[in-house]
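Read the structure below first, then the notes.
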Amino acid sequence: MVSDSIPQIAARCHQETDPIHLLCYFAPEVEQELTSTGLEPGHMAYFAGRAAALGRASSAAVAAMLYNFNPALVARHLPRAWDLASPERVVEARLSAVDRALRRILGDEAVGGPEVAEAAALARAAAEACSPEGRPLYAAHAQLPWPREPHLVLWHAITLLREHRGDGHITALVGHGVGAIAALVTDTATGRSLFGAQQMREHRDWSEQEWDAEVSALTEAGLLDSSGRLTEAGSRLRSRIEDATDAAAAPPYRSLGADRAERLIALCKPLRDAVVASGDLPPADAAAQPAHG
């Protein structure tokens, strides 16, 4: 029997499966497919791909759900993206890109193998046990039809679990009074973030003045030290947020059961390793990913 609690299993399953989901942002096939619909590369393709399940969503709604991007950046791309490509077409293109990427990385034999089929069945069972209340991104993606092929069922299920976790993470941030920029600053200060502070600021489109003002406020509040690292109080705050995120992400794994969840982790590990080894993801993606990424 496993010794980890269900919230800990939820965190480990996220760590092992998230690189598989992240192909939909970093695999070269994704930009090829999304730009073929008429979308512009870069942030527009990202926002449209992430939000297409919502339909013709406004920039304000998408910015609220993604939480830590500058709303002005989102507004430069949405809703204009929907005049270039319908949400339905974007959903199709994203799935097509993931199909191509997984086949390239894993090979047709593995894609059609029994391990992927077993992992897909387990992940789907967990995803279907998620609750949509207060989980807008999860709920939108849960309304999409399930793909037919097991490797795409697996990716879709992982995506549902990831958005379910991410929605819960934002609830935890809001509940602890941590705003959008503060979430990024404290996340990068842990040293475990996907990007460094400058990359994170630029990718989310916050100005140096906005970022520095938040650093000053967090330092004054005793959450950062003079070198920009988390203080003991800051580390406790981040731990409370991550614990709350893990607890909120636990119900689908509790429904699945610890042994089956461990089996899902074991089945996904070689797939994760192949994705990381492909070079499609930034190097930091070999480590644990923040749920709000």
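The values are calculated or read from the model by the stated rules, or taken from the named source; none is laboratory data. Small disclaimer: the values here were computed from a predicted structure and weren't measured. Heads up, the Cβs are rebuilt from the backbone with ideal geometry, glycines too, and the neighbour counts pull from every protein chain shown. Heads up: the accessible areas ignore ligands, DNA and RNA and are worked out on the full protein's heavy atoms, side chains in. Shrake-Rupley method; radii C 1.70, N 1.55, O 1.52, S 1.80 Å.
Filtering segment 47-57 to residues that are closer than 27 Å to G177 by Cα and in a helix (DSSP H, G or I) leaves F47, R50, A51, L54.
All conditions in (1) hydrophobic (A, V, I, L, M, F, W, C); (2) open to solvent by 40 Å² or more (accessible area, probe 1.4 Å); (3) over 18 Å from F69 (Cβ atoms); (4) not in a loop (DSSP other than H, G, I, E, B) hold for V174, with the sole exception of (3). Here A197 qualifies as in contact with a helix residue (DSSP H, G or I) (Cβ under 6 Å, 6 or more places away or on another chain), open to solvent by 40 Å² or more (accessible area, probe 1.4 Å) and small (G, A, S).
Filtering segment 54-94 to residues that are in contact with an Asp or Glu (Cβ under 8 Å, 6 or more places away or on another chain) and open to solvent by 40 Å² or more (accessible area, probe 1.4 Å) leaves A72, L84. For segment 4-12, the criterion of being among the small types (G, A, S) and in a loop (DSSP other than H, G, I, E, B) is met by at least one residue. Within segment 58-73, residues that are farther than 16 Å from G177 by Cα and β-branched (V, I, T) sit with their Cβ atoms under 9 Å from residues that are open to solvent by less than 40 Å² (accessible area, probe 1.4 Å) and in a helix (DSSP H, G or I), at 6+ positions apart or across chains, in these pairs: V62/F47; V62/R50; V62/A51; V62/V74. Filtered by the rule that a residue be open to solvent by less than 10 Å² (accessible area, probe 1.4 Å) and under 23 Å from P87 (Cβ atoms), segment 123-151 gives A127, L137, H141.
Taking R240 as meeting all but one of (1) in a loop (DSSP other than H, G, I, E, B); (2) surrounded by fewer than 20 Cβ atoms within 10 Å (Cβ to Cβ); (3) not small (G, A, S), write down the number of the exception. Just one mismatch for R240, condition (1). If you go through segment 1-53 and pick out every residue that is open to solvent by 10 Å² or more (accessible area, probe 1.4 Å) and in contact with a His (Cβ under 8 Å, 6 or more places away or on another chain), you end up with 3. Of note, E202 satisfies the criterion of being open to solvent by 50 Å² or more (accessible area, probe 1.4 Å), closer than 24 Å to P71 by Cβ and either modelled with pLDDT under 95 or within 19 Å of the chain's Cα centre (by Cα) (or both).
One residue is enough: does segment 211-218 have a residue meeting the conditions at pLDDT 95 or above, closer than 22 Å to F69 by Cα, in contact with a strand residue (DSSP E or B) (Cβ under 8 Å, 6 or more places away or on another chain) and open to solvent by less than 50 Å² (accessible area, probe 1.4 Å)? Yes, segment 211-218 contains at least one residue that is at pLDDT 95 or above, closer than 22 Å to F69 by Cα, in contact with a strand residue (DSSP E or B) (Cβ under 8 Å, 6 or more places away or on another chain) and open to solvent by less than 50 Å² (accessible area, probe 1.4 Å). Pairing residues of segment 199-225 that are assigned to a helix (DSSP H, G or I) with residues that are polar (S, T, N, Q) and buried (at least 19 other Cβ atoms within 10 Å of the Cβ), at Cβ distances under 8 Å and at least 6 apart in sequence or on separate chains, gives M200/T188; M200/S193; R204/N68; L218/T186.
Let me confirm something: among A233, A189, which residue is without any contact (Cβ under 8 Å) to a residue 60 or more places away in the chain, over 30 Å from G107 (Cβ atoms) and surrounded by fewer than 20 Cβ atoms within 10 Å (Cβ to Cβ)?
A233
Looking across segment 177-191, the residues that are of a type outside the set (A, V, I, L, M, F, W, C) and not in a helix (DSSP H, G or I) come down to G177, G179, T190, G191. Each residue in segment 157-178 was checked for being within 18 Å of the chain's Cα centre (by Cα) and either in contact (Cβ under 8 Å) with a residue 60 or more places away in the chain or more than 23 Å from R272 (Cβ to Cβ) (or both), and 15 pass. Would you point out which residue out of E33, E40 is over 27 Å from G168 (Cβ atoms), at pLDDT 95 or above and assigned to a helix (DSSP H, G or I)? Exactly one of E33, E40 is over 27 Å from G168 (Cβ atoms), at pLDDT 95 or above and assigned to a helix (DSSP H, G or I), namely E33.
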